[in-house]
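Quick notes on the structure that follows.
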Amino acid sequence: MPFVDVSPTDWHFEYVRYMYCRNVVVGYSNNPPCEAGSPCFKPNNSTTRGQVSKIVTLAFQFTLNTTDGPHFTDVPVTNTFYPYVETMVNMGIVEGYDDGTFRPNNLVTRGQISKMVVNAAINADPQNWSLENPAASTFEDVPVGSTFYQFIETAVSHGVIVGYPCGQPPSGACQPGNKPYFMPYSN
C-alpha cells in the first residue's frame, strides 16, 4: 500500500489496506493534498456523500445500475459519482432530499453513513442482516424512535460501529446509566 500517511501501527491500517487491495479506495496523488510524488490517503479527512456512495457500491461489489437516471438534479451523468449514486438509488439504499438533490459534495454524517452501510448489508446479505428495533438504546444521543435509531442499533449489533465513552471528548457528559454517545449528526 503506497500511502505515506497510513502506517502499520495505525488503528485503521488493516481496514484501509483491505479496501485498497480490493480496489475500493485509491487515495490521493495530487499536490495538494499530498506531498509531491507521495500518494496519500488522508485518513482524518471527512467524507462526502458521493465518496461514500462509491465506497459502499465497490465494497459490496454491487453491479452498476444507472437505469432511469439521473435521479438527482445535482448528480448529472458527467458527475464522478453518478454511477455509484444511481446504483445505490436503484437498490433502495439511499434517498435524496425533497428538493430533488442528492448533495454529493456534502459531508456525510455518522447517522447517514450508518443508514447507507446497513441498507447495503441488508441488500447484500438478507439472511444475516435485517433492520433491528430494540426496546432500549445503546447510545445516550440516539433515543428510541429517532431518525437513524434502527440503522445505528443494527450496525452496533453486528459490531460495525462503536461510540464515544461518556464524559470524554468529543462526547457529552455522563448521564444515569453511563451510556456512550454516537453523535449521529457529526461528520
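The values are calculated or read from the model by the stated rules, or taken from the named source; none is laboratory data. In this text, all values refer to a predicted model and were calculated from it rather than measured experimentally. No Cβ is skipped: glycine too gets one built from the backbone with ideal geometry, and neighbour counts run over all protein chains shown. Just so you know, the surface numbers come from the protein's heavy atoms only, side chains and all, with ligands and any DNA or RNA stripped out. Shrake-Rupley method; radii C 1.70, N 1.55, O 1.52, S 1.80 Å.
Quick notes
- Residue ID - farthest from ALA59 (Cα to Cα), chosen from residues in the stretch 139-151 that are touching a Lys or Arg at 6+ places or on another chain (Cβ under 7 Å) and part of a loop (DSSP other than H, G, I, E, B): GLU140
- Scanning the stretch 39-74 for residues that are open to solvent by less than 30 Å² (accessible area, probe 1.4 Å), over 21 Å from ARG103 (Cβ atoms) and among the small types (Gly, Ala, Ser) yields a total of 0.
- For the condition open to solvent by less than 40 Å² (accessible area, probe 1.4 Å) and more than 26 Å from SER53 (Cβ to Cβ), TYR149 does not qualify.
- Condition check for GLY96: part of a loop (DSSP other than H, G, I, E, B) and over 15 Å from ILE55 (Cβ atoms): yes
- In the stretch 103-111, the condition of being more than 21 Å from the chain's Cα centre (by Cα) and modelled with pLDDT of 95 or more is met by no residue.
- Enumeration of residues in the stretch 3-23 that are without any contact (Cβ under 8 Å) to a residue 40 or more places away in the chain, open to solvent by less than 60 Å² (accessible area, probe 1.4 Å) and not β-branched (Val, Ile, Thr): PHE3, ASP5, SER7, ASP10, HIS12, PHE13
Residues checked against (1) over 24 Å from LYS54 (Cα atoms); (2) of a type in the set (A, V, I, L, M):
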| position | (1), (2) |
| --- | --- |
| VAL108 | no, yes |
| GLY111 | no, no |
| MET116 | no, yes |
| ALA136 | yes, yes |
| PHE139 | yes, no |
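- The condition (being surrounded by 12 or more Cβ atoms within 10 Å (Cβ to Cβ), at pLDDT below 95 and over 19 Å from VAL94 (Cα atoms)) is satisfied by just one residue among GLY167, GLY177: GLY167.
- For the stretch 2-14, the count of residues that are hydrophobic (A, V, I, L, M, F, W, C), out of contact with any Gly (no Cβ under 8 Å at 6 or more places or on another chain), modelled with pLDDT of 95 or more and in a helix (DSSP H, G or I) is at least one.
- Within the stretch 112-131, being open to solvent by less than 60 Å² (accessible area, probe 1.4 Å) and either of a type in the set (Lys, Arg) or more than 19 Å from LEU58 (Cβ to Cβ) (or both) holds for one residue alone: LYS115.
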